[in-house]
Structure formats: structure tokens, C-alpha cells
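Asker: Have a look at the structure that comes next, please.
The values are calculated or read from the model by the stated rules, or taken from the named source; none is laboratory data. Remember, predicted model here, so these are calculated numbers, not experimental data. Because the Cβ atoms are built from the backbone with ideal geometry, glycine has one as well, and the counts that use them run over all protein chains shown. With ligands, DNA and RNA removed, areas are computed over all heavy atoms of the protein, side chains included. Shrake-Rupley method; radii C 1.70, N 1.55, O 1.52, S 1.80 Å.
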Amino acid sequence: MASKLLRQTLTKTNRTAAIRCFSTAASVAFPSEYEYPTGITMKGVKISGRPLYLDMQATTPVDPRVLDSMLPFYLSRYGNPHSRTHLYGWESETAVETARAQVAALIGASPKEIVFTSGATESNNISIKGVMHFYKDKKRHIITTQTEHKCVLDSCRHLQQEGFEVTYLPVGSDGLIDLDRLVKEIRPDTGLVSVMAVNNEIGVVQPVEEIGKICKEFNVPFHTDAAQALGKIKVDVEKWNVSLMSLSGHKIYGPKGVGALYLRRRPRIRVEPQMNGGGQERGIRSGTVPTPLVVGMGAACELAMKEMEYDENRIKGLQERLLNGIREKIDGVVVNGSMDRRYVGNLNLSFAYVEGESLLMGLKEVAVSSGSACTSASLEPSYVLRALGVDEDMAHTSIRFGIGRFTTEEEIDRAVELTVKQVEKLREMSPLYE
């Protein structure tokens, strides 16, 4: 493999430097020869070196084992998987089908129910617009939640402009929906219920199995955005009774630019394609399937199947270390969302008496975010936290810490130290804190 050759050609000194250069723990003190001599300046912000990475909900680093599986399909096995007349096409097609089986195995589906897409955003668009357009003569109503990902909410708003009706279910202070309210909102013309499995901002896990039972009872298709759930919690399409499920590669240590859509075959769910072309992926998603990316997503799913339990136990310990470490040193720290029903790698905290933008700017040695990567440019407080009923001042101070497979105890300790230091500094300047 090319990556293996690269590792072998590096001298011992260079290899150490390279590893440290790409480490997420770059803000931990290293010998001076590995430091950036003048620091890094980007977008007007100057920092001493690369920050440690705690934003795993935004994206994850590619697992080196995933990269190794992808490289041959860039360098030597570069055929188009839809070329049916020669070896290059055949081996790429075989690789795509192997990846399809790997993705299916992780969610308990048949490989025939997996359609490759460019990511969860495209899968969500196909699911929501595709289902409603296909059944538009009889079904004109959709049910979703106020805390969905922006691409789900925007797809629903797009359909509203076409005359469809959308019910946005509220959530409780724990971020969970009321199942009785869901039952009351289902109508004879309800064509789809769409509820995210694991929330990307606050990490709460919705009662998807119970939602699936309700949808089955009322014979309504159930779609779930499982981009943040795949490879992190146990996903079972049969147990959950989902008709459609959106998946993403770059949230599970796979490459960016690839995702998948689970589309149930029995009972069959139909969608109207959102893109026309050569009819690839059973006509649902035309366009040449990107073999290296698909192979990477398949490999990431296979690794997740083997290591999910180990990862969860390890990440749970790191999450407790982070939360306890902060709470032991400062007060006024609130966890947003349920602690009982949440993915352990997501910790969304609000800090009383602190101005949120100043906190984020002061934490430039730690790569964290104030919420979804898709909405973090907005100065408005998170719509997810507002839906939970979080006070606007507290919503403005929220920080989302994302812990993952490669996060270390040293990084957690450094994050605690920097966060506590910055919060204390800002509180000293606040006239509201005593």
C-alpha cells in the first residue's frame, strides 16, 4: 500500500515529526523543534499551533485502516464500476457491492436496500421530497420535529411552498419528543414521519423503536436521519421499523462526500428521484458511483461493527472525565439535553455568566463549536437549544464537545484546563457574576 511505503521511507526523526504534526493533540507542549516558529494566523486569529480536535459531530478524521482500503481504487483499480466490458470495471463493481454489504450489515438490512449518495443531506432530501412527491395525490402531510438537522427542516419548508402541510413536533427540556403528541398529530393524509435518531447538537437519542411501532400501527412510512447514530449506537432497521434511513461516511471515520440511503423493500417504499441521469443505483440516484469513497465508507462500517462496544466504553470514560473535570473547578455548568438518553461522545454544555462568542474566541486552542457545523456561522442562539426552552443567555454560551475514537486523556485534561481558565477569565470581567 502507498501509505505503508510512505511510512517506511520516513526516517525515525521525520516520522515522529509527521505524527506530531497531524496529531489532534498539537496544543499539548512538544519540544521546541516541533513547534510552529511564528504560530498560525488564519481569518485574523493567531494561535501557537494546531488546536486539539474535539468537534467529532462536525466530522471525524479518516481511520488509517479506511484510507488503506481506499488507496488502490485511486492508484491502480481506478475503473468505472458501471463499465461492464473489462476487468477495471468488474473489480470496481465488485468493490462497490462489497461495501454495500458492509453498510447493510451494520444496520441489519439487505444490501439490495442500500443506495449510495453523496451524504446524509442528499439522503434526507431524497427521503422527504422523494416520498412526498411520489405519493402526492393521496398524502399531503408530514410530521417532523423542531430539532431536526437543517437539511430536513429546509426540505420540509420547500414542500410547504408547494402546498404540503408540515407539523413540527416540540420537544421537552430533555430534547425528547412526546409520543402521545405524535399519535395525536397523525392524520389519514400523513405521508411521512421524520425524526432524527441522535441529535447532532445535543446528542440525545430519540425513542426510535417506539416511534417505529406507532408508524407501523398507523401505516405511515418512518424516516430517520441516522448520520450521528451510525457506528455509535446499535442500529437495527427491523427493530426500529424504519422505511428510510439517511447515513453519512465522514461521521464514522470514513471519507467526506459519500453517504447512503436505506430504502425498505418489504413493504416497499417508493421515492421520486431528485436527480436524473444514467439510472445508476436503481434509478434513485443517477451518477457514477465514486468507488474509492464507497469502499472507504464500507470499511468504516465494518470497523465500527467490530469496535463499537470498545469505542463506546472508552469514550464514556472520557466524557465523564471532561464533565467531572470542569464541574469540579467551576460552578454554573449545565448539560443541555437528557443525560440518560444520549450518545456519550456528545457533550453540550452551557456556562452561566459568560458571553458565548468571547468563550469560543478564547478557546482557539481547542477545536469545538457552538452547535451544528451547518449553522455555526450564525450569531443567533441555536434553534435546537431554543426548542428545549433554554434561556437565550444560556443558549448563547453553549459549547459542544465531540469526543471520538482517537481522543486521548491528555487532550481531555488540556481541554478542561483551557475551558476552566477561559470561563474564569470571562466571569471576572462580567458584572453579573459574583
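Asker: Of the numbered conditions (1) among the hydroxyl-bearing types (Ser, Thr, Tyr); (2) under 21 Å from the mean Cα position of the chain (by Cα); (3) closer than 27 Å to residue 70 by Cα, residue 243 satisfies every one except a single condition; which is it?
Answerer: Checking residue 243 against (1) among the hydroxyl-bearing types (Ser, Thr, Tyr); (2) under 21 Å from the mean Cα position of the chain (by Cα); (3) closer than 27 Å to residue 70 by Cα, the one that fails is (3).
Asker: Suppose we keep only residues that are open to solvent by 50 Å² or more (accessible area, probe 1.4 Å) and in contact with a Gly (Cβ under 9 Å, 6 or more places away or on another chain) within the range 394-434. Which one would you say is farthest from residue 316 (Cα to Cα)?
Answerer: Within the range 394-434, the match that is farthest from residue 316 (Cα to Cα) is 433.
Asker: Here's something else I'd like to know. Just the residues that are more than 19 Å from residue 236 (Cβ to Cβ) and either open to solvent by less than 10 Å² (accessible area, probe 1.4 Å) or in a loop (DSSP other than H, G, I, E, B) (or both), please, taken from the range 332-343.
Answerer: Passing the criteria: 332, 336, 337, 338, 339, 340.
Asker: Another question, if that's okay. Here are some residues: 247, 261. Which one is open to solvent by less than 10 Å² (accessible area, probe 1.4 Å) and touching a Lys or Arg at 6+ places or on another chain (Cβ under 8 Å)?
Answerer: On the way: 247 fails: touching a Lys or Arg at 6+ places or on another chain (Cβ under 8 Å).
Criteria check complete, one pass: 261.
Asker: Counting only residues that are over 26 Å from residue 253 (Cα atoms) and in contact (Cβ under 8 Å) with a residue 40 or more places away in the chain, which one in the range 302-331 is surrounded by the most Cβ atoms within 10 Å (Cβ to Cβ)?
Answerer: Initially, the range 302-331 is screened for residues over 26 Å from residue 253 (Cα atoms), giving 324-331.
In the following step, the residues that additionally are in contact (Cβ under 8 Å) with a residue 40 or more places away in the chain were identified as 325-326, 329-330.
On the way: 325: 16, 326: 20, 329: 15, 330: 17.
Among those residues, the one meeting the criterion is 326.
Asker: Taking strands (runs of 3 or more DSSP E) that do not extend beyond the range 99-215, which have at least 2 residues that are open to solvent by 40 Å² or more (accessible area, probe 1.4 Å) and not aliphatic (A, V, I, L, M)? Don't jump to the end; show me each part of the working.
Answerer: Details: elements: 114-117, 141-145, 165-169, 190-194.
Per the criteria, 165-169.
Asker: Give the residues of the range 153-197 that are hydroxyl-bearing (Ser, Thr, Tyr) and under 22 Å from residue 386 (Cα atoms), sorted by residue number. Show your work before the answer.
Answerer: Step one: list which residues in the range 153-197 are hydroxyl-bearing (Ser, Thr, Tyr), which gives 155, 167-168, 173, 190, 194.
The answer is 155, 167, 168, 173, 194.
Asker: Okay, moving on. Just the residues that are of a type in the set (Gly, Ala, Ser), over 18 Å from residue 135 (Cβ atoms) and assigned to a loop (DSSP other than H, G, I, E, B), please, taken from the range 219-247. Explain how you work it out, then say what you get.
Answerer: Here is the first cut: in the range 219-247, the ones of a type in the set (Gly, Ala, Ser) are 226-227, 229, 231, 243, 246.
If we keep only those that are over 18 Å from residue 135 (Cβ atoms) as well, we get 226-227, 229, 231, 246.
Scanning the range 219-247 gives 226, 227, 229, 231.
Asker: Let me ask something else about it. How many residues does the range 267-291 hold that are of a type in the set (D, E, K, R), modelled with pLDDT of 95 or more and over 24 Å from the mean Cα position of the chain (by Cα)?
Answerer: Qualifying residue count for the region: 3.
Asker: If residue 272 meets every condition in (1) closer than 17 Å to residue 108 by Cα; (2) of a type in the set (Asp, Glu); (3) surrounded by fewer than 16 Cβ atoms within 10 Å (Cβ to Cβ) apart from one, which number is that one?
Answerer: Only one criterion is unmet by residue 272, namely (1).
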